[in-house]
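In what follows, a structure is listed as C-alpha cells, so that the remarks can point back to it.
The values are calculated or read from the model by the stated rules, or taken from the named source; none is laboratory data. It should be emphasised that the depicted structure is a prediction, and the values quoted were computed from it without experimental measurement. No Cβ is skipped: glycine too gets one built from the backbone with ideal geometry, and neighbour counts run over all protein chains shown. The accessibility values were calculated without ligands, DNA or RNA, using every heavy atom of the protein model including side chains. Shrake-Rupley method; radii C 1.70, N 1.55, O 1.52, S 1.80 Å.
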Amino acid sequence: MTPSHGSVVRPDRNADPVAGVRVVGTADRARIVALLARAFADDPAMAYIFPDPADRALRLPRLFGVLFDSDASSGIRLVTAGGEAATLWRAPGQTSDSMLTMLLHAWPLWRALGGSIGRALAVSSAISAHFPREAVWYLHLAGCDPAAQGRGFGAAAVRGGLDRLLGSGLPAYLETAAERNLAFYRALGFEITAEWSVPKGGPRFWSMLRPASS
C-alpha cells in the first residue's frame, strides 16, 4: 500500500524493530494511511483495481483511510514504534463488513474507488469466496514503508499481532497477491492453502494459514 497524503515519517535506521509495537490510536490515522499507500503502490491487486499509476497514487490514501476507519472496531490495529510498518487484524466473526458499516462508508468508498469500483468489487468477491469457513484471525492489511524494508519492521508488526493472538486457540489467515511475500510469511509460520485468480483476467492470489499452535 504516496505522495503527500498524510504526514511522512522518516524511519529511524537505528530503531529496534521488535521493541515498541503498539496499538494504533486515532492520532496515528494520517501516518498509517500514508504508510499503507506507499507500501501497496506496486501491489498487483491495487495495480489491477487502479491501472493508471497517477490515479492509483491519488486514490490509495483515500481507500486505506476507509479501511483504517472500518477496522477500528473489528479487531487490532498495530504499528511499530517509528511508524515503519503496520498491521490491521480482524477478529473472528468480524472478517466482513456489515451492511450498516458499508452504508456508513458508502460515500468515502465511492470517492476512493471512482470508476474502479467494478474491479474492486470483483477482487472483494473473490476474496470472500476463498475465505476460510472456520473461525480465524484475519490479517486484513500488512504494510512496511519501502524505505524501511529489509530491516525486520514488517515481521515485527506481524509478530506483534501473532503474540496478541496467543491463547485464542485460533489460526491466523491472510491472502496476498504479491508472490514475493510468500517467503516472508512462510518464515512467520504461514503456509499456502490455495492459489487462485480473480475471474476475467484479475490478479492471482495465494491464501495462507498459520495454525494456532505455531
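Here are some notes:
- Relative contact order of region 101-214, defined on C-alpha pairs under 8 angstrom at six or more residues apart (%): 26 percent
- Per residue accessible area of the chain, 1.4 Å probe, in Å²: 48 Å²
- Electrostatic dipole magnitude of the chain [Cβ: Lys, Arg +1; Asp, Glu -1; Cα centre; debye, to 20]: 180 debye
- Within the chain, antiparallel bridges make up roughly 90 percent of the DSSP beta bridges whose residues both belong there.
- Over the chain: helical MRE at 222 nm, DSSP H runs n ≥ 4 each giving -39500 (n - 2.57), nearest 500: -11000 deg cm²/dmol
- Computed over protein heavy atoms with a 1.4 Å probe, the carbon and sulfur contribution to the accessible area of the chain reaches 56%.
- When only Cα pairs below 8 angstrom with a gap of at least 6 residues are kept, region 40-174 shows a relative contact order of 30 percent.
- Histogrammed with a bin width of 5 Å, the alpha carbon distances of region 102-198 distribute as 2, 10, 18, 20, 18, 17, 13, 3, 0 percent, first bin at zero.
- Counting Lys and Arg as +1 and Asp and Glu as -1 over every other residue whose Cβ lies under 11 Å from the Cβ of Phe190, the net charge comes to 0.
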